[in-house]
Every structure is written in structure tokens, then in C-alpha cells.
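Novice: Below you will find the structure I want to go over with you.
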Amino acid sequence: MLFSLLLRFSLFLNFSALIYLGTILYFGSYKPHLTKNIQYRLGGTGHSFTRFQEAKIYRAVNTLIIGSSHAYRGIDPRILESYGISSFNLGTSAQTPRQSELILRRYVDIFKPKSVILDVYPPLFCRKGVESTLDIVSNDTNDIQSFELVLNERNALTFNTFVLSSFYQYFGIKNEFKENRHKAKDSYITGGFVESNSEKRVNDRIDSFEIEILDSQLSAIESIKRICEERGIRLIMTFAPVTKKKYESFRNIETFESVVKNFEYYDFNTIIALEDSIDFMDSHHLNQSGVHKYNRMLVETIFVDS
């Protein structure tokens, strides 16, 4: 009797798993517009697929860069190279410290950097990072670390997308994808940077944002610190320039500053004076003119004067 019940339960679980997988594959592959619970973003908005593919075959570098779009749109490896600093930019869209930790664990021993620049942006310390997780599980290799990240988020959207992406990975379907290095006004530059040719000028409406940091993000930056300390890597936190109105819109910024003060931290909003109407393409992303000014100051502040 017990054996019969266990057998039926096992068959039920297997049947349910097949139905679930079939549903994920059908809607994710053929009817993605009909569901909000799967968002497979191969390529993504920031050339993530190309970046991760390139990262797997790259050589060791002096400096590894991680963080959000402020990293991959804000720190140009070509400019660092002009100062004799080899680097690779592993920033991804909306990357919070939790995703930064995963990426660092996955790639730190490939690049063997002497220093890690972690670009930090206060609002991303207040979010779980669903958008960034979707980007990573869609475009990078899925393994036990990404599985644990998805499980900890307890989000059906990221879990379903992880399952679909893992299926494509297992059967080599991802390998058939070729990402265009030029998308609209964006161009992917070897080394992980995305250069924008947008002519947009800043005219965004700026709403205030209350800084309320999540405990999970605090744990993540402590883990990042330990990873670097164990390998004798210099960890540098940078807050990239944003427009003056954007900077002034953050409320309770002291909470953020109380956390980062325990690290080697540079707020470039207080170090370099940029023009909102000249150096930005929106309220919190630099255009290429701003990138050049920011990167020169970054090198002089962090590497030359250190």
C-alpha cells in the first residue's frame, strides 16, 4: 500500500515537472508576449551576451570593473589602457551588489586582477536586483551559483527564466546566437564597454528617492570584500557622476555613506565638476564627453595619487 502511494506520488511529480517544463518552453520560445512570468533576454540592453562570451577567453588584467550600467557605460577600458592600465568591464544593467558578488566569484580567478572597481549607485542598494538577475541568467553560463541566486530571490519570473535559459544552454542553443555589436545608438567596445552616440540632453523630471538599504545587499558587499581580501586584491568603490539634480534627489543619503565609509570609497560627484547640459545623456548616465573627463579623473585619483 505504501509502495503504491509512493509510486503514484513519484509519477505525479514527474508528470507535473514535464508539464511545467513544456509550458515554460512553449511560452518562452513561441509565445513570450502572452506571459509576464518569463523574460528571456538574450543579448539584453547592454550587450551582456557578448561581454560574457569575451570574458571567458580574456587574459589576466590589472583591474576588473563590476557594477551597473554606470560601470559599463561609464568606465572605458580604452582610456585606462592609455594610462597603461589593462582592464575588463563586467558591468550589467541594474546590477546590485548581490549580482556583483556572483560575477566576481565566477570571474575573479580568470582575470586575476590586482584591483577591483565596484561601481556603487545608492538606489541599487535598495532593490533585490530582479532585472539584473534576468540579464545574467539569460546571457551567462548557468551553474549552482546562479541557481542559488534565483532561489534566494523567491521570484517566479527569475526562476522560470532560469529554467528556460538552462534548457537552451544544455542543448547548445545559446551558442547559435550572434549578437550585433551595434544596436541603435550603442556600440560594444572590446573590454566590456558600451559607447553611446546618443545626442539626447538632460531634461528628465527628477523625483526624490529615499535610501533604505536592504540587509541582503549589505551582506553582499561584505562578501565581495572577503573575496578580494583572500586574494590580496585592492577593492575600490566608486560612485560615478550623476547630474546635480539627480544627486540632490537622494534622501537619507547618510545611510548609504555610513556603509561605504568602511571601504576605500570615492564619490566622484564631489571630486569632479561636470556640466549637466554637456556631459550627460540622461540624469545618471554620462555621454562620451563625460566619460573621458570622468575616467581621466578616476585614474589620477585612484591610481596615480594612491
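Novice: Residues that are crowded, with 21+ Cβ neighbours inside 10 Å and in contact with a Leu (Cβ under 6 Å, 6 or more places away or on another chain): does segment 176-186 have at least one?
Specialist: Looking through segment 176-186, none of the residues is crowded, with 21+ Cβ neighbours inside 10 Å and in contact with a Leu (Cβ under 6 Å, 6 or more places away or on another chain).
Novice: Hey, another quick one. For segment 269-279, state whether one or more residues are assigned to a loop (DSSP other than H, G, I, E, B) and in contact with a Leu (Cβ under 8 Å, 6 or more places away or on another chain).
Specialist: Yes, some residue in segment 269-279 is assigned to a loop (DSSP other than H, G, I, E, B) and in contact with a Leu (Cβ under 8 Å, 6 or more places away or on another chain).
Novice: A further question follows. Starting from segment 255-266, take each residue that is outside any helix (DSSP H, G or I) and surrounded by 14 or more Cβ atoms within 10 Å (Cβ to Cβ) and list its partners that are modelled with pLDDT under 95 and hydrophobic (A, V, I, L, M, F, W, C), counting only C-beta distances under 9 angstrom and pairs at least six apart or across chains.
Specialist: none
Novice: Looking at (1) modelled with pLDDT under 95; (2) of a type outside the set (Ser, Thr, Tyr); (3) under 22 Å from PHE88 (Cα atoms); (4) more than 22 Å from the chain's Cα centre (by Cα), can you tell me which one GLU230 breaks?
Specialist: (1)
Novice: State which residue is modelled with the highest pLDDT when the search covers only segment 141-193 and only residues that are among the basic types (Lys, Arg) and over 23 Å from GLY67 (Cα atoms).
Specialist: Checked segment 141-193; the qualifying residue modelled with the highest pLDDT is LYS178.
Novice: Next up: All but one of (1) modelled with pLDDT of 90 or more; (2) of a type in the set (S, T, N, Q); (3) out of contact with any Pro (no Cβ under 7 Å at 6 or more places or on another chain) hold for ASN203; which doesn't?
Specialist: Of everything listed in (1) modelled with pLDDT of 90 or more; (2) of a type in the set (S, T, N, Q); (3) out of contact with any Pro (no Cβ under 7 Å at 6 or more places or on another chain), ASN203 misses just condition (1).
Novice: If you check ILE236, ILE206, which single one turns out to be of a type in the set (A, V, I, L, M, F, W, C) and within 21 Å of the chain's Cα centre (by Cα)?
Specialist: Of the residues listed, the single one that is of a type in the set (A, V, I, L, M, F, W, C) and within 21 Å of the chain's Cα centre (by Cα) is ILE236.
Novice: If I ask for residues that are in contact with a Pro (Cβ under 8 Å, 6 or more places away or on another chain) and not in a helix (DSSP H, G or I), which ones from segment 214-238 would you list?
Specialist: Listed by number, the list holds a single entry, ILE233.
Novice: Only residues that are modelled with pLDDT of 95 or more and in a loop (DSSP other than H, G, I, E, B): list them for segment 107-140, please.
Specialist: If the condition is that a residue be modelled with pLDDT of 95 or more and in a loop (DSSP other than H, G, I, E, B), then LYS112, PRO113, LYS114, VAL120, TYR121, ASP140 are the ones that fit.
Novice: Condition test on SER100, is it in a helix (DSSP H, G or I) and surrounded by 20 or more Cβ atoms within 10 Å (Cβ to Cβ)?
Specialist: The answer is yes for SER100.
Novice: Hey, another quick one. Can you tell which of ASP135, ASP140 is surrounded by 21 or more Cβ atoms within 10 Å (Cβ to Cβ), over 20 Å from LEU214 (Cβ atoms) and either basic (Lys, Arg) or touching a helix residue (DSSP H, G or I) at 6+ places or on another chain (Cβ under 9 Å) (or both)?
Specialist: It is ASP140.
Novice: How many residues does segment 280-292 hold that are surrounded by fewer than 18 Cβ atoms within 10 Å (Cβ to Cβ) and either of a type outside the set (Gly, Ala, Ser) or touching a residue at least 24 places away in the same chain (Cβ under 8 Å) (or both)?
Specialist: Of the residues in segment 280-292, 3 are surrounded by fewer than 18 Cβ atoms within 10 Å (Cβ to Cβ) and either of a type outside the set (Gly, Ala, Ser) or touching a residue at least 24 places away in the same chain (Cβ under 8 Å) (or both).
The values are calculated or read from the model by the stated rules, or taken from the named source; none is laboratory data. Just so it is clear, the structure is predicted and the values come from calculations on it, not from any experiment. Cβ coordinates were reconstructed from backbone atoms using ideal geometry, including for glycine residues, and neighbour counts include every protein chain displayed.
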